[in-house]
Amino acid sequence: MQPFELVRAPSPSDAAQLTKDEHTRLIAGGTNLLDLMKLQVETPSRLADISRLDCAEITDTPDGGLRIGALVTNTATAVHPRVRQDYPVLARAILAGATQQLRNKATTGGNLCQRTRCFYFTKIDQPCNKRDPGSGCSAIEGVAKLHAVLGTSDQCIATYPGDMAVAMSALDAEVHIMKEDGTERSVPVRDFHLLPGDTPWRENELGRGEMITAVTLPPPVGGAHYYRKVRERSSYAFALVSVAAVIEIEGGVFTRADLAFGGLAHKPWFDPAIGAVLLGKAADDALFDEAADVLLQSARGFGENDFKIPLARRTLRAVLTQAVEDAA
Amino acid sequence: MFKGTIIAKEAAKGFEEIQDMAGTIGINGTAHSLPADPRTSLLDFLRHDLGLTGTKKGCDHGQCGACTVIVNGMRINSCLTLAAMHEGDRVTTIEGIGGPDAPSDLQHAFMAHDALQCGYCTPGQICSAQAMLAEIAEGWPSDATADLTSEATFSDEEIRERMSGNLCRCGAYANIVAAIRDVARGRADATV
Ligand SMILES: Cc1cc2nc3c(=O)[nH]c(=O)nc-3n(C[C@H](O)[C@H](O)[C@H](O)COP(=O)(O)OP(=O)(O)OC[C@H]3O[C@@H](n4cnc5c(N)ncnc54)[C@H](O)[C@@H]3O)c2cc1C
Ligand code: SF4
Ligand code: FES
Ligand code: FES
């Protein structure tokens, strides 16, 4: 690791202020940042420790939703009684990620901002537009098993690797961001992460001088919740494809279908048109395929990850089939 | 369903004596000054600075669990955290769980069940299992728990999922599960 100075940020606005300096990084659980610093992918000269800031609580919001502080650990969120009761898709997504040891350290803010697991991104002797703008993308014609099939660009085909944010997209949660002057803004999780386009180094909406303070969940959405994650081993692996779903079926007809997908793109993939195909229609395999067609209409594989296209179709079908069975 | 007592009790174990922890980190009941170089991971601090070499470095990237220690009652990977960020925290390592003279129930069970070959992953497995039993007692669910709103139940499937953060290159998994199962039953019997 390159030498750095470690400071403790006294407040969220101070932390936000510190990030004005391009060589400063916020550190929360450290499970992603330190990993990348050891590999010299990240070489900050200053770390601002935010782990002790007063953003580690889960509280009810006035409208009956839930506010999850940026420093709440993934464990604390997943075991929270209201998350288990009212937002099981979120508890399931978190529990399907990483391991207990990592989830005990990982935080809401850090999880949202975790970087891609693209092999070339983590090897500093390899060309990578995300790490080293203009150097090229090694993955497009290289090892690309984990890579995206939706929303790619000729600059970068990396995926956002997390699980938590996929469930938060299905739930239409909101990210709260504090600016250096102490004012707050909020962005829907669905819009927080960006597609790579011509600026693959920009992964999310956060600008310099900003810090995430919380994520809020809307009032309980009801329905049956599913998080189905397909990976190379049954635990402790990133998603090849994942589906987060909040489903309501009445009299054999879909009345709610909020669907978000992980492992397919540079962001959790949410497209209202996918669920819209299902609404008001009787559930059958042909209908599931129609929804998958909408999801995958622009899908493009890069050789090694071609399998993700049929896998996404099958995983969506499996979730919907399960939902129909459970509703019967 | 949402307790909070056992983990806290676990964290306090052996630390009753330490009062003022400013500028220090508590390791197995003793306060130590924080390292001067902020780059020092908790793992390197334990092994290099304090000579507590029971905790092992497998991958140094959060991918194996050999470095698992218990901080304030929670198991974490000591390779992916900075010692300097743990001012006032209470760390339990394998040395704090037990040694040859007085092995803990888990250490006994690992020996009795031959739950190791080379033994490199064992300290991490035991620290992890120690914390895991407390997590089940708290009713925390895992990915293997069928009903998120009911009490967590104990099964081999639950052990495997909850211990998935500790890899064993020698593949002693079957006996590791057997050792933990035994201890869980023993502890349950002891509290009846
Ligand atoms: C072996 C391994 C397996 C894993 N498997 C999975 C998996 O299956 N699924 C999954 O979802 N994740 C997985 N993870 C990733 C893990 O979930 C993340 O490392 C973790 O969530 C990051 O949180 P943190 O608090 O440790 O972040 P840090 O490492 O502290 O920070 C990460 C980034 O976020 C920024 N940041 C942190 N907090 C804030 C804030 N409040 N405001 C603005 N910026 C902030 C930091 O500056 C940094 O750039 C895995 C990690 C490892 C090492
Ligand atoms: S896919 Fe993105 S992160 Fe990976 S090498 Fe290409 S530019 Fe870099
Ligand atoms: S050494 Fe820490 S997880 Fe492998
Ligand atoms: S006993 Fe050798 S790695 Fe587990």
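The values are calculated or read from the model by the stated rules, or taken from the named source; none is laboratory data. Please read all numbers here as calculations on a predicted model, not as lab measurements. Methodologically, a virtual Cβ is constructed for each residue, glycine included, from the backbone with ideal geometry; neighbour enumeration extends over all protein chains shown. Surface accessibility is based on the protein's heavy atoms, side chains included, excluding ligands, DNA and RNA. Shrake-Rupley method; radii C 1.70, N 1.55, O 1.52, S 1.80 Å.
If you go through the stretch B:48-107 and pick out every residue that is open to solvent by 30 Å² or more (accessible area, probe 1.4 Å) and in contact with a Phe, Trp or Tyr (Cβ under 6 Å, 6 or more places away or on another chain), you end up with 2. Scan the stretch B:164-177 and tell me whether some residue there is buried (at least 18 other Cβ atoms within 10 Å of the Cβ), in a loop (DSSP other than H, G, I, E, B), small (G, A, S) and within 16 Å of ligand 3 (Cβ to nearest atom). Yes, the conditions are met somewhere in the stretch B:164-177. Checking each residue in the stretch B:151-163 for being crowded, with 19+ Cβ neighbours inside 10 Å and away from ligand 1 (no atom under 16 Å from the Cβ) picks out B:A152, B:E158, B:I159. Could you say whether any residue in the stretch B:139-146 is open to solvent by 50 Å² or more (accessible area, probe 1.4 Å), farther than 20 Å from B:N77 by Cα, more than 16 Å from ligand 1 (Cβ to nearest atom) and within 13 Å of chain A (Cβ to nearest Cβ)? Yes, some residue in the stretch B:139-146 is open to solvent by 50 Å² or more (accessible area, probe 1.4 Å), farther than 20 Å from B:N77 by Cα, more than 16 Å from ligand 1 (Cβ to nearest atom) and within 13 Å of chain A (Cβ to nearest Cβ).
Identify, please: which residue in the stretch A:87-113 is among the hydrophobic types (A, V, I, L, M, F, W, C) and open to solvent by 10 Å² or more (accessible area, probe 1.4 Å) and is, among those, nearest to B:T68 (Cα to Cα)? Step by step, filter the stretch A:87-113, then rank; the result is A:L102. Of everything in the stretch A:232-248, what is open to solvent by 40 Å² or more (accessible area, probe 1.4 Å), more than 16 Å from ligand 2 (Cβ to nearest atom) and out of contact with any strand residue (DSSP E or B) (no Cβ under 7 Å at 6 or more places or on another chain)? Give them in sequence order. Scanning the stretch A:232-248 gives A:E232, A:R233, A:S234.
Does A:R103 qualify as being near ligand 1 (Cβ under 10 Å from one of its atoms), of a type outside the set (V, I, T), closer than 28 Å to A:D49 by Cβ and touching a Pro at 6+ places or on another chain (Cβ under 8 Å)? Criteria not met by A:R103. Check the stretch A:163-178 and report whether any residue there is open to solvent by less than 40 Å² (accessible area, probe 1.4 Å), within 16 Å of ligand 3 (Cβ to nearest atom) and polar (S, T, N, Q). So far as the stretch A:163-178 goes, no, none of its residues is open to solvent by less than 40 Å² (accessible area, probe 1.4 Å), within 16 Å of ligand 3 (Cβ to nearest atom) and polar (S, T, N, Q). For the stretch A:76-123, which positions are within 20 Å of A:T31 (Cβ to Cβ) and within 16 Å of ligand 2 (Cβ to nearest atom)? Answer for the stretch A:76-123, where residues must be within 20 Å of A:T31 (Cβ to Cβ) and within 16 Å of ligand 2 (Cβ to nearest atom): A:C113, A:Q114, A:R115, A:T116, A:R117, A:C118, A:F119, A:F121, A:T122, A:K123. Residues of the stretch A:211-231 that are closer than 22 Å to A:S51 by Cα and open to solvent by 20 Å² or more (accessible area, probe 1.4 Å): A:T216 alone. The number of residues in the stretch A:29-69 being polar (S, T, N, Q), touching a helix residue (DSSP H, G or I) at 6+ places or on another chain (Cβ under 7 Å) and touching a residue at least 60 places away in the same chain (Cβ under 8 Å) comes to 2.
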